[in-house]
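A short reminder: the numbers here are calculations on the coordinates, not readings from a lab. Quick caveat, the model's predicted, so the values are computed rather than measured. Quick reminder, even Gly has a Cβ in these numbers, built from the backbone with ideal geometry, and neighbours come from all protein chains shown.
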Amino acid sequence: MSHFHEPNSFTQPLFDQLQRHPKRIVFPEGEDERILRVAARFVELGLGVPILLGNREKIFTMAKELDLSMEFVRVIDPTKSSDFQLFCDRLDRIERYRGLKGVAVEDVIAKPHYFAAMMVQYGQADACLGGNQMAPAGVFRPLLHLVKPDPNVPRVFAVTVLTSQALANFGENGVLFLADTGLIPDPKVEDLASIAAETGMLAHHHLGRRARVALLSHSNHGSSPTEGALKMQAAMALAREKVSIDDCDIDGEIQLDVALDPESARVKLPGVAPKPRADVLVFPSLDAAHISMKLLSHVGGAESYGRIIRGLTRPAGQVPRTATEEMILGTAAALGVEAIQYRELHSLR
């Protein structure tokens, strides 16, 4: 039985782009059957070079038992790598610059997630994807510590992409971008504005058209002027200043049905011109976003990809420990496409 689905409206364009511009994705938790299958499939599709961190002998033995090809798959044991001492020296300089002394840099760099973060930061890999065997904090912490932040994004956050052809009103193309699904428990107005603008641009990049962004609330355009609704309204106004109107249409505060169902929008906002279904849903809190993501996936049956981490200068992502091979492959491909965009944006700097 195949562990992978037919490409969908989200993954097919990713595969097409990576086949033209292959990328190197590092997987810190390489001693995992799912990662071995994803790596083999990544190579089979011609998407680039997977880099698996872990014990070489164990990984190659697992691959043989699973009858998986390891051709064009790199396997690195961090402590035995030729880059190990280089990364240790760089971390030592970083910690001294931060005024920290006595850090056991060898012990830190020996940890696969720190080694992977160093690989991405210093150009040894194009993107990093972890979490298949590690709790989220163990994935986020090394990235936030070692990968340079994007100065244009006030706080790092996460986006989950969902796809469904069966559920009604599921975006314009059966694809929805949800944020923040991973990092900021109670975002402030400035955070929400940044999340809306950045996720809108991410959707614009992936969809290849103007994306519609909805800042969600229990209120529609001032119908219930509570503190929470006013916060989303203020975030909407600030977010509009951050994007081009040709790239994103940012709306809020609005209810979920108004964002996704044109008939509900017609009834509840009769004086507003009809708009397409939202592509991006921005939630007032991490709880709301995370619960909605899980409901759509585990009850609605939507395919889930990510989290895609935003606000760093290098592409990185985190998947849950329950991730399927399909989720891992699609998320890796999304990060690879982000790396293409990164090269285009930064090649002249």
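Adding -39500 (n - 2.57) for every DSSP H run of four residues or longer, then dividing by how many residues the chain holds, sets the calculated 222 nm ellipticity at -13000 deg cm²/dmol. Beta-bridge orientation, the range 157-295: approximately 30 percent antiparallel, per DSSP, counting only bridges with both partners inside. Averaged over residues, the count of other Cβ atoms within 10 Å places the peptides 263-269, 234-240 in the sequence 234-240, 263-269, highest first. Based on the alpha-carbon gyration tensor of the range 157-295 and its eigenvalue square roots a ≥ b ≥ c, which shape applies: rounded if a/c is under 1.5, prolate if not and a/b is larger than b/c, or oblate? Rounded shape, in that the Cα axes give a/c under 1.5. A viscosity of 1.306 mPa s and a temperature of 10 °C, combined with the Kirkwood radius over C-alpha pairs in the Stokes-Einstein formula, give the chain a diffusion coefficient of 76 µm²/s. For the peptides 21-31, 178-188, 79-89, residues were scored by their other Cβ atoms within 10 Å and the scores averaged per peptide; the highest-first order is 21-31, 178-188, 79-89. Site pair VAL299 and GLU95 shows an inter-label distance of 4.6 nm when each label is modelled 7 Å from Cα along Cα→Cβ.
Full extension of the chain between GLN85 and THR61 gives 5.9 nm of extra length, using 0.36 nm per residue less the Cα-Cα distance.
Spacing of the modelled spin labels on ASN169 and LEU45, each 7 Å from Cα toward Cβ, amounts to 3.1 nm. Compared with the direct C-alpha span, the chain from LYS268 to GLU6 gains 90.5 nm at full extension, assuming 0.36 nm per residue. Among residues other than HIS3 with Cβ under 9 Å from its Cβ, the summed charge is +1 (Lys and Arg +1, Asp and Glu -1). Using a cut-off of 21 Å between Cα atoms, the listed pairs LYS111/LYS294; LYS58/LYS80; LYS231/LYS275; LYS80/LYS101; LYS242/LYS268 include LYS111/LYS294; LYS231/LYS275; LYS80/LYS101; LYS242/LYS268 as exceeding that distance. Model label points for ALA137 and SER223, set 7 angstrom from Cα along the Cα-to-Cβ axis, are 4.0 nm apart. Restriction of the chymotrypsin sites (Phe, Trp or Tyr not before Pro) in the range 139-183 to DSSP coil positions whose beta-carbon has at most 11 other beta-carbons within 10 angstrom yields no sites. The residues neighbouring LYS231, those whose beta-carbon lies less than 12 Å from its own, together hold a net charge of -4 under the Lys/Arg +1, Asp/Glu -1 convention.
A simple count of charges around ILE35, restricted to other residues whose Cβ falls under 9 Å of its Cβ and scoring Lys, Arg +1 and Asp, Glu -1, yields -3.
With a Förster radius of 25 Å applied to the C-beta separation of LYS275 and GLU190, the computed FRET efficiency comes to 0.45.
Taking a ≥ b ≥ c as the square roots of the Cα gyration tensor eigenvalues, the range 102-219 comes out prolate, since a/c reaches at least 1.5 and a/b is larger than b/c.
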